[in-house]
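The values are calculated or read from the model by the stated rules, or taken from the named source; none is laboratory data. Bear in mind that the values here come from a model prediction, so they are computed numbers and not experimental data. Neighbour counts are summed over all protein chains in view; Cβ atoms, including those assigned to glycine, are modelled from backbone coordinates with ideal geometry. Accessible surface areas use protein heavy atoms only, side chains included; no ligands, DNA or RNA. Shrake-Rupley method; radii C 1.70, N 1.55, O 1.52, S 1.80 Å.
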Amino acid sequence: MINETLQKAFNEQINKEFYSEYLYLAMKIYFQEQNLQGFVNWFDVQVQEEHAHAMGMFNYLNERGGSIKLEAIEKPVVEGDCPLTIFEHVLRHEEFVTSRINALMDVAEEVRDRAALSFLDWYLKEQVEEEASVSGVLATLRLIGDDKKALLMLDKDLAARTFVQPVIG
Ligand code: OFO
């Protein structure tokens, strides 16, 4: 049976992962309106990844005999009004999620739940990848500046991203 405090922390993180899914869905709307279909695809993949992250914890908590509590998902607020500023928000958000995964691991450590720590290791590595991939797009957007042709080239690149169902844990 999983410790109560750790169970609560898992439930909070499940909510954060669903919020991430919702936030990226909101960001996708901006790119749909700009007709930047490659960016739309990038956010589609991001949305599916966040759903997989939430469900990974959902299934884990269930496997551990924990009680899953679904709370309200906050209204997503997209900060930014162009690809660059929106991706700055994506990076800030991923850094925030990384800090929450670390905090969740702190709780697992405090209650000496080694199985949970080992499970959460996957999330920690995933956050390193998430931040690196977003930083890469952000660096390209900074180079692009106001060059519309270069933006369309990036859009074409982002159209190639595909979702791969992760094997979590
Ligand atoms: Fe779930 O990693 Fe992004 O937020």
Inset, instruction - Could you check how many residues of the range 131-169 are among the polar types (S, T, N, Q) and in contact (Cβ under 8 Å) with a residue 40 or more places away in the chain? - result: 3
Inset, instruction - Run E126 past the list (1) closer than 30 Å to L61 by Cβ; (2) under 17 Å from the mean Cα position of the chain (by Cα); (3) open to solvent by 40 Å² or more (accessible area, probe 1.4 Å) and report the number of the one that doesn't hold. - result: (3)
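So that you can scan it fast, the table gives a plain yes or no per residue for (1) open to solvent by 80 Å² or more (accessible area, probe 1.4 Å); (2) over 14 Å from the mean Cα position of the chain (by Cα):
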residue: T85; (1), (2): no, yes
residue: V97; (1), (2): no, no
residue: R100; (1), (2): yes, no
residue: M105; (1), (2): no, yes
residue: A108; (1), (2): no, yes
residue: R112; (1), (2): yes, yes
residue: D121; (1), (2): no, yes
Inset, instruction - Answer with yes or no whether L6 is at negative phi and outside any loop (DSSP other than H, G, I, E, B). - result: yes
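Can you say whether W42 is surrounded by fewer than 18 Cβ atoms within 10 Å (Cβ to Cβ), assigned to a helix (DSSP H, G or I) and of a type in the set (F, W, Y), as far as the supplied structure shows?
Numbers: surrounded by fewer than 18 Cβ atoms within 10 Å (Cβ to Cβ): no; assigned to a helix (DSSP H, G or I): yes; of a type in the set (F, W, Y): yes.
Against the criterion (surrounded by fewer than 18 Cβ atoms within 10 Å (Cβ to Cβ), assigned to a helix (DSSP H, G or I) and of a type in the set (F, W, Y)), W42 does not qualify.
Checking the structure you have, find out if any residue of the range 56-68 is within 27 Å of R161 (Cα to Cα) and either more than 11 Å from the ligand (Cβ to nearest atom) or touching a His at 6+ places or on another chain (Cβ under 6 Å) (or both). Walk me through it before giving the result.
Here is the first cut: in the range 56-68, the ones within 27 Å of R161 (Cα to Cα) are 56-59.
Subset that is either more than 11 Å from the ligand (Cβ to nearest atom) or touching a His at 6+ places or on another chain (Cβ under 6 Å) (or both): 58-59.
Checking the range 56-68: at least one residue is within 27 Å of R161 (Cα to Cα) and either more than 11 Å from the ligand (Cβ to nearest atom) or touching a His at 6+ places or on another chain (Cβ under 6 Å) (or both).
In the range 58-169, which helices (runs of 4 or more DSSP H) lie fully inside it and hold 3 or more residues that are more than 21 Å from F18 (Cα to Cα) and in contact with a Gly (Cβ under 9 Å, 6 or more places away or on another chain)? I'd like the intermediate steps shown before the answer.
Working: elements: 83-110, 114-144, 148-158.
Those helices (runs of 4 or more DSSP H) span 148-158.
Would you point out the residue of the range 153-169, among those that are of a type in the set (A, V, I, L, M, F, W, C) and within 20 Å of the chain's Cα centre (by Cα), that is least open to solvent (accessible area, probe 1.4 Å)? Walk me through it before giving the result.
So in the range 153-169, the residues of a type in the set (A, V, I, L, M, F, W, C) come out as 153-154, 158-160, 163-164, 167-168.
Applying the additional criterion that residues be within 20 Å of the chain's Cα centre (by Cα) yields 158-160, 163-164, 167-168.
Working: L158: 15, A159: 57, A160: 76, F163: 57, V164: 107, V167: 123, I168: 43 Å².
Only one residue tops the list, namely L158.
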